[in-house]
Structures are given as C-alpha cells and as structure tokens.
1. Say whether the condition of being touching a helix residue (DSSP H, G or I) at 6+ places or on another chain (Cβ under 6 Å), crowded, with 22+ Cβ neighbours inside 10 Å and in a strand (DSSP E or B) is met by at least one residue in segment 156-174.
2. Please work out which residue is farthest from the chain's Cα centre (by Cα), limiting yourself to segment 184-205 and to residues that are hydroxyl-bearing (Ser, Thr, Tyr), surrounded by fewer than 22 Cβ atoms within 10 Å (Cβ to Cβ) and closer than 19 Å to residue 133 by Cα.
3. Just need a number here: residues in segment 243-259 that are open to solvent by 40 Å² or more (accessible area, probe 1.4 Å) and either part of a loop (DSSP other than H, G, I, E, B) or modelled with pLDDT under 75 (or both).
4. Given the conditions (1) more than 16 Å from residue 121 (Cα to Cα); (2) at pLDDT below 95, and given that residue 232 satisfies all but one, which numbered condition is not satisfied?
5. Would you check which residues across segment 288-302 are free of Cβ contacts under 8 Å to residues at least 24 places away in the same chain, part of a helix (DSSP H, G or I) and surrounded by 14 or more Cβ atoms within 10 Å (Cβ to Cβ) and list them?
6. Could you list, in sequence order, all residues of segment 109-142 that are basic (Lys, Arg) and either at pLDDT 90 or above or not in a loop (DSSP other than H, G, I, E, B) (or both)?
7. From the list 280, 308, 336, 285, which one is in contact with a helix residue (DSSP H, G or I) (Cβ under 8 Å, 6 or more places away or on another chain), open to solvent by 10 Å² or more (accessible area, probe 1.4 Å) and assigned to a helix (DSSP H, G or I)?
8. Give just the number: which of (1) touching a residue at least 12 places away in the same chain (Cβ under 8 Å); (2) under 15 Å from residue 288 (Cα atoms); (3) open to solvent by 70 Å² or more (accessible area, probe 1.4 Å) does residue 325 not satisfy?
Amino acid sequence: MNDTDLDRRLSAADPYVRHATPDLGGADRALLDEIMADTARRPQRSRRSWRLPLAGALASAAVMAAALLVPAWVGSTDDPETPAAPPAASEPTVEAPIRYAAAVVEAAGRQPRLLVGEPGWKVTHVYGFAEDEGTIVFTKGDRELEFVWYRADQYAGYFEDRLDVSAPRPFSIDGQDGSEFRYSTTDIAVMLRPSGGTFSEIRTGGGWRNRAEIVAVLRTVRAVSVQEWLAAMPPEIVTPDKASQVIDELLAGVPLPPGLDRASLDDLGTNDRYQLSAQVLEPVVCGWVGELRRAEDARDDRARKAAVEALASGRRWPLLAPMDAEGEYADGVRAVADAVRDGVPTLTVREMSGCP
C-alpha cells in the first residue's frame, strides 16, 4: 500500500489529531494519528509515533545548525494578499566545504534542491532521499516549512487527493509552475509540477499568522546547485558514507534477530540520527517479533526463549536514551519489551508494534 492509497482510505479521518497515548489501549488511535500525520504531510508532526513500521513519518529533532541565506524570487498569481518580494540576501561564503561521498552527491543531483532564502531559517529535520523521495524541514521560531519530494509517477495521485482539500490555485516557485491548496488560511501546501523525475510539495506548519506572511517567505525560496544544497545540510545528518559506522554504534548492545542482514541496514539514505535510529530499530524489533511467532508455531521452546529474552532486553538498549528528547519512538520499543517480559500474547505484541 502506498501513501496515495492511505490518503484515499483515510480521507474522512481528522488530519489535525497529533498525539496519542503510547499504551495498548490507545494503539488504534496512535496508528491513525501516525498515518494521518504522514499522509497529510503536516510539518507540525513534532513527535514520532511509537508504532514501528511507519518509519517514513517525520519526527521532531533538536534544532540543528547551518541556515543558508540565499537570494530568491518566487512568482505567484496576482493576489491582494500577496506582498512584494523582499530584498535578496547575499550569497553565503563557505570557508571549508564539506567533502561528500560520490553517492551523496549523485543522490542530491536527482533532487529538487529548494532552499529558503529569508535570513534565520534553519534545516532542522532531514529524512530519506535514498530513492528519489525525501523530506527536509526548515524552521524559524515557531514557523515551519516542510519540503517533501516524491517520484514523478506519483504526481497524478497526490494531485487528485489534494482536490479534496481545496480547488487549486496557480503558484510558481522560482519559475517552477505549481498549484496552491489551502487547508486553512495558515495551512497551505504548494505542489510543483514534476521535473527531472520528481515533484515537490511545500507545506506550512507551526505559528504562521496569515497567508501574506507565508507568501512573503515562499518568495525567497529558490532552486540551488548541488554544492549549495549540501552546504545547507546540518553537520549532524548521517549520509550514506557515514551510515555503516554510525549504525554499528547504534547497534552496540542490541541483539540481532536471525535472518537479519546487517549490511542491508547501510542503505537507508540520508537521515538525521533520530530517524536513522528508528529505521534501524524497526527491522530489529520486527525481526524478533517474527521469530517469536515462528518459534511458537514450531513449538521450538529454545528459540522462543531466545526471542523473549532479546525483546525483553529492549528497555536496556543503549540507543534508546538519546532518542527520548526527539520523539516517542523509543517509548514504543520499551512498551513492546515490557509486554513481552510480562507475558502478553504474541499476537497482541505484534499488533502493538505494528509489525507485519
């Protein structure tokens, strides 16, 4: 099932519910919250749900460094609410360029590479862009702009879904034609037409005051070169060339389930550390849940005991503690660990974790 399918099946649900109590009694609500946060593409999604398989959902992260100040111009349709374009900022001077692996540069070359030019905006979250899809969130104070891009062949489905939000209005960003959809006066999405194999959607989040303020900032967005775009990424992100080493660090003290190919975890794209931790945890936890069920079905007491011990040890896995300041994912892993320790039936544990 893809994101478009989920959009359609959940179009009647409330897209503004953001938080769920991380316990078994609220598991169904938590799952709905997470799906709606992901499919509605809301930058307000400030905390990752504890449900495991929805690793594509954006979680909050600590504010990271490296705002890139760039001049820009964004054309829009004539609109009395639309202010004049602000003066352009000066180009940044990069004194010591970061060296990126060829795979990172190649991936960046396929992306739309849009950056906010108004001073003070910072990249705070990074997720994905391994396979022509990814998310970057820019933050300034309590305002957010989420840039999400998808494969071009998904454009028609997403556009059709957005028609349920509002009628489209023409809106261009740095010469790229697109459509504006209004969820509310301060909740706006601009979907650009496909270009180069992908298309982008920019969505507002946080404490915007009015549409005029939003448009003023969108007027500073522009497409930049690979070098400028990579220079705007915070140093804390984990790029593919760093992934293997960082994942080894994250997995310290974490038992791996039978059949899990450790090397497969190195191909998770570019992420902030929290997102990478969650993506590493998902196959580990789900692998052990699957092994527990297999052992019970086969009446393999030895394997069942090993799976129970591995899952129950989850509360003590070292990578969880650093995640607590960023979101709720670690609490979900602990909840699964406690449930297994307390003898909760395996089917219930699987439902809690959301594992297939």
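1. So far as segment 156-174 goes, no, none of its residues is touching a helix residue (DSSP H, G or I) at 6+ places or on another chain (Cβ under 6 Å), crowded, with 22+ Cβ neighbours inside 10 Å and in a strand (DSSP E or B).
2. 195
3. Count: 6.
4. Result: residue 232 passes all but (1).
5. Result: 294, 295.
6. 122, 140 - these are the residues of segment 109-142 that are basic (Lys, Arg) and either at pLDDT 90 or above or not in a loop (DSSP other than H, G, I, E, B) (or both).
7. 308
8. (2)
The values are calculated or read from the model by the stated rules, or taken from the named source; none is laboratory data. Just so it is clear, the model here is predicted, and its values are computed rather than measured. Don't worry about glycine lacking a Cβ; one is built from the backbone with ideal geometry, like all the others, and counts go over all protein chains shown. Protein only, heavy atoms only, side chains kept; ligands, DNA and RNA dropped before computing areas. Shrake-Rupley method; radii C 1.70, N 1.55, O 1.52, S 1.80 Å.
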